[in-house]
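Colleague: Quick one: this structure, given as structure tokens, is what I'll be asking you about.
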């Protein structure tokens, strides 16, 4: 279990994206459990144009094409903490290089 401030992140799993999606930057999807209370599925693991690996949170599009977050951190600091903990665990597991 990885603890970040008051966030305890555990049960990190990774599902690789198909090769064609990986070529476009989507490496796969992660699922995690936070504070042994909340499972987050379908967190996108992406490689940015500058080569950095980042975590994105699920969204949906309305009829007008506008994206709406389904679940997201409440601050930039929370996003960075979750991202750092999840990516560190995926690297430890060998899912990311």
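The numbers here are math on the coordinates, done by the rules we state, and not lab data. Keep in mind it's a predicted model, so treat the numbers as computed, not measured. Neighbour counts run over all protein chains shown; Cβ positions are idealised from the backbone, glycine included.
Colleague: In the range 64-71, is there at least one residue being in contact (Cβ under 8 Å) with a residue 12 or more places away in the chain, surrounded by 15 or more Cβ atoms within 10 Å (Cβ to Cβ) and within 13 Å of the chain's Cα centre (by Cα)?
Modeller: Taking the range 64-71 as the starting set, the residues that turn out to be in contact (Cβ under 8 Å) with a residue 12 or more places away in the chain are 69-71.
Applying the additional criterion that residues be surrounded by 15 or more Cβ atoms within 10 Å (Cβ to Cβ) yields none.
For the range 64-71, residues in contact (Cβ under 8 Å) with a residue 12 or more places away in the chain, surrounded by 15 or more Cβ atoms within 10 Å (Cβ to Cβ) and within 13 Å of the chain's Cα centre (by Cα): absent.
Colleague: Right, residue 25: over 25 Å from residue 74 (Cβ atoms) and surrounded by 12 or more Cβ atoms within 10 Å (Cβ to Cβ) or not?
Modeller: Criteria met by residue 25.
Colleague: Now a separate question. Would you mention how many residues in the range 82-97 are in a helix (DSSP H, G or I), more than 11 Å from the chain's Cα centre (by Cα) and in contact (Cβ under 8 Å) with a residue 40 or more places away in the chain? Steps first, answer last, please.
Modeller: Just the residues of the range 82-97 that are in a helix (DSSP H, G or I), to begin with: 82-93.
Checking which are more than 11 Å from the chain's Cα centre (by Cα) leaves us with 88-89, 91-93.
Within this subset, residues satisfying the condition of being in contact (Cβ under 8 Å) with a residue 40 or more places away in the chain are 88-89, 93.
Total meeting the criteria: 3.
Colleague: Restricting to the range 35-58, give me the number of residues that are over 10 Å from the mean Cα position of the chain (by Cα) and either surrounded by 17 or more Cβ atoms within 10 Å (Cβ to Cβ) or not in a strand (DSSP E or B) (or both).
Modeller: Adding up the residues that qualify gives 8.
Colleague: Which of the residues spanning the range 36-84 are in contact with a strand residue (DSSP E or B) (Cβ under 8 Å, 6 or more places away or on another chain) and on the phi > 0 side of the Ramachandran plot?
Modeller: Within the range 36-84, 36, 42 qualify.
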